[in-house]
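The next block holds one structure in the form of structure tokens; read it before the comments.
The values are calculated or read from the model by the stated rules, or taken from the named source; none is laboratory data. Note that the coordinates shown come from a computational prediction; the quantities given were computed from them, not determined experimentally. Neighbour counts run over all protein chains shown; Cβ positions are idealised from the backbone, glycine included. Just so you know, the surface numbers come from the protein's heavy atoms only, side chains and all, with ligands and any DNA or RNA stripped out. Shrake-Rupley method; radii C 1.70, N 1.55, O 1.52, S 1.80 Å.
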Amino acid sequence: MTNEGFICVSRSIVSHWIWNNPVYFQRWVDMIMMANWEDKEVQIAHHQLTVQRGQFVTALHSLAVRWSISRQAVSKFMVKLSDDNMVDTLVYGKVTIVTICNYDRYQLKNGIAVDGLVDNMVNSSVEELVAQTNNIIREKEKGKKTSDEVFSQVSLKPDPPSGMEGEVSLFDERFIQFFNSKMKGKTIPSIRGEVLGKKRKQSIKARMREYGKDAVAQVIANAAESNFLNGCNVRGFVASIDWLMKPGNFPKVLDGNYNNKNTKFNNVHDRTRRSEATATSSADFSKQF
């Protein structure tokens, strides 16, 4: 697979089931990028074989290593794609030929001349856009506080009466800014929108009152750096803000049980079911602050 060129992704992907699972989506895009954009001759077991446009040759073991999951998880994922007519697979000896269905939806049809022209146009536009964006960012950063400084100002005061929304939105704004800054570039999903929601906010405040704001910040930092909580496990489990704030999960993340140096959770075949589903006490969501 080359690092040059590009692929096209339709905006309609957001309504597809694969979009809702960041790990699945990452693997799917990786497969599209692995596919040949033109026919190519390869040697397999002393046989000359033409790997066509939109195809690539691989093995379950190779994909398992590439994605840091088990061969069984790779096989399950491929079956799911095949059932949805997204890929076709053909076993050829010890390797598998994977065909990306409707490959032309993700790549231009007119060959290298068009690709090169578009690449040059895109690169020129991107460079100009990056320069403009950097100037805007530098101006904003002059008076902007860091996410940690903003988080330190999060208030645990009771929510103000109805009609006085300033304090409520301020808590939401500061917490969301802090959390999303820590999860930038991570598989754990950022918090969408500008409002936490009543139950989510109550759960967060319950953990803050129980452990303190510094502990909540540490849990978020630990989760951001944890490979396990970012999907590198046998079931493809990815944590979320709601999962992190559950009373049964919070102390485990705080104690570093999911840290990368902790060999207990580095093994993707470990008993993940014990850590992926911990019930949340209704009392944590019914308290009035």
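Evaluated at q = 0.12, 0.13, 0.21 Å⁻¹, a Debye calculation over the C-alpha positions of the range 176-251 (equal weights, vacuum) places log10 I(q)/I(0) at -0.31, -0.36, -0.95.
Length gain on complete extension for the stretch Val14 to Lys40, per 0.36 nm per residue less the alpha carbon to alpha carbon distance? If you can, show how the numbers build up before the last one.
Numbers: separation 26, 0.36 × 26 = 9.36 nm, distance 3.21 nm.
My answer for the length gained is 6.1 nm.
So what is the diffusion coefficient of the range 169-216 in µm² per second by Stokes-Einstein at 4 °C and 1.567 mPa s, using a Kirkwood Rh over Cα pairs? List each step's numbers first, then the result.
Details: Rh = 11.4 Å.
Using the Kirkwood radius from Cα pairs, D works out to 114 µm²/s.
Spacing of the modelled spin labels on Arg235 and Ser181, each 7 Å from Cα toward Cβ, amounts to 3.4 nm.
Once the cut-off is 18 Å, how many percent of the Cα-Cα pairs in the range 46-105 end up in the long-distance tail? Each step should come with its number before you reach the end.
Values: 643 of 1770 pairs.
That tail contains 36 percent of the Cα-Cα pairs.
Let me know the charge dipole size of the range 197-237 about its Cα centre in debye, to the nearest 20, where only the beta-carbon of Lys, Arg (+1) and Asp, Glu (-1) is charged.
Working: 9 positive and 3 negative charges, 89 e Å.
Charge dipole of the range 197-237: 420 debye, to the nearest 20.
Only protein heavy atoms count here; on that basis, with a 1.4 Å probe, Glu210 has an accessible area of about 110 Å². With the cut-off at 31 Å, tell me which of the pairs Lys40/Lys186; Lys201/Lys252; Lys184/Lys213; Lys40/Lys182; Lys184/Lys261 have Cα atoms farther apart than that. Over 31 Å apart, Cα to Cα: Lys40/Lys186; Lys40/Lys182.
Extension gain, Ala221 to Leu90: 0.36 nm times the residue separation minus the Cα-Cα distance gives 42.9 nm.
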